[in-house]
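One structure is given below, encoded as structure tokens.
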Amino acid sequence: MLEPLVLIPGMMSDSRGFLPQIVELSWETSVHVAPPLTGETIEEMGDAILARAPQRFALCGHGLGGMVAMDLLNRAPERITRLALMDTNCQSELPQVAAAREKRIVAARAGRLAEAMQDELRPEHIADGDQREAIWQMMQDMALDLGVETFIRQSRVLQKRPDQQGILRKSRTPTLILCGEADTLFPVRRHEFMAHLMPNAKLEVVPGAGHLPALENPNAVSASLRNWLSWPISAGRASSTTNWT
């Protein structure tokens with residue numbers, strides 16, 4: 001039996017954001033999905049996950065969930081057997097991006113959460129294809145279910161998140177870095193940068209996917225995570241880039 005797997009969904013997401021992987025990987029290991037991220041800081045979000053997580057576990061985070069995963073790697077490395085970072089960013093938020101969030105926060109507070117989310121995640125952030133509209137609508141539905149307060153808290157956490165490059169540089173944890181080839185929010189080049197920072201990291205680029213590869217190309221992502229779960233924990237892995245075919 002593989003070690004338990006903890007999944008951390010991204011901004012305004014819940015378990016539906018990882019549904020294909022939950023179905024696929026639950027046949028092979030115990031899969032735990034972190035509750036929606038509602039703390040006031042990255043650290044508070046991580047504390048809520050650590051309190052519920054198994055003693056030792058594999059950890060995968062998407063977007064904001066990946067940022068929380070990096071914080072957990074820093075504060076509880078002895079509990080994390082392996083790490084997967086998906087369509088995320090290890091750098092602090094640029095001032096102009098943080099400022100742009102204020103308009104969305106104002107809209108959400110005024111009862112226009114749907115409008116705020118349409119600006120936060122636009123259809124073009126998802127790779128072009130027949131499934132784009134359905135995936136985008138599901139993300140909007142999740143956001144409306146989670147509500148205004150969660151949106152504001154997560155937006156504030158993103159605005160003030162710390163730079164996490166130093167955490168990645170010092171880590172020796174076997175790490176998979178996944179990125180949709182068409183992600184325009186956190187492009188491939190940023191993931192290449194993260195992979196080069198980490199001594200034991202491997203980058204895989206998922207075709208036919210934008211910011212949400214777990215939903216856009218679920219078979220490729222599930223296969224990648226399954227392979228990652230089989231990596232020897234003690235074996236180092238040289239940084240490289242793999243394109244799915």
1.4 Å probe accessible area per residue over the chain, in Å²
42
Using amide H atoms built in the peptide plane, which far-off residues or other-chain residues are under 5 Å from A84 H to H?
L59, C60, G61, L176
Accessible area of segment 1-147 belonging to carbon and sulfur atoms, whole % at 1.4 Å probe
53
Apply the a/c threshold of 1.5 to the C-alpha gyration tensor of segment 32-80 and tell me whether it is rounded, prolate or oblate.
rounded
Please return the longest range in the chain lying between exposed loop sites, taking GluC sites (Glu not before Pro), DSSP loop only, at most 15 other beta-carbon atoms within 10 Å, and leaving the sites out.
41-245
If packing is taken as the average count of other Cβ atoms within 10 Å, what order do 81-88, 155-162 fall into, highest mean first?
81-88, 155-162
Classified through the alpha carbon gyration tensor (a ≥ b ≥ c as square roots of its eigenvalues; rounded if a/c is under 1.5, else prolate when a/b is larger than b/c, else oblate), segment 158-235 comes out oblate
Rg and Dmax of the chain over Cα atoms: what are they, in angstrom?
16.6, 52
Working from the pairwise distances between different alpha carbons, so that the mean of 1/r is found and then inverted, what is segment 1-51's Kirkwood radius in Å?
11.7
Just want the answer: with Cβ charges of +1 for Lys and Arg and -1 for Asp and Glu, which residue in V6, P162, V188 is farthest toward the dipole's positive end in the chain?
P162
If every Lys and Arg gets +1 and every Asp and Glu gets -1 at its Cβ, then about the Cα centre segment 1-94 yields a dipole, in debye to the nearest 20, of 240
So which lysines pass the test for K170, namely a Cα distance under 29 Å, with those fewer than 8 places away in the same chain ruled out?
K160, K202
Can you check what the net charge comes to around L2, using other residues whose Cβ is under 11 Å from the Cβ of L2 (Lys, Arg +1; Asp, Glu -1)?
0
What does the C-alpha gyration tensor say about the overall shape of segment 133-194? Classify as rounded when a/c is under 1.5, otherwise prolate if a/b is larger than b/c, or oblate.
oblate
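The values are calculated or read from the model by the stated rules, or taken from the named source; none is laboratory data. Keep in mind it's a predicted model, so treat the numbers as computed, not measured. No Cβ is skipped: glycine too gets one built from the backbone with ideal geometry, and neighbour counts run over all protein chains shown. Ligands, DNA and RNA are stripped out before the accessible areas are found, and what is left, the full protein with its side chains, is counted by its heavy atoms. Shrake-Rupley method; radii C 1.70, N 1.55, O 1.52, S 1.80 Å.
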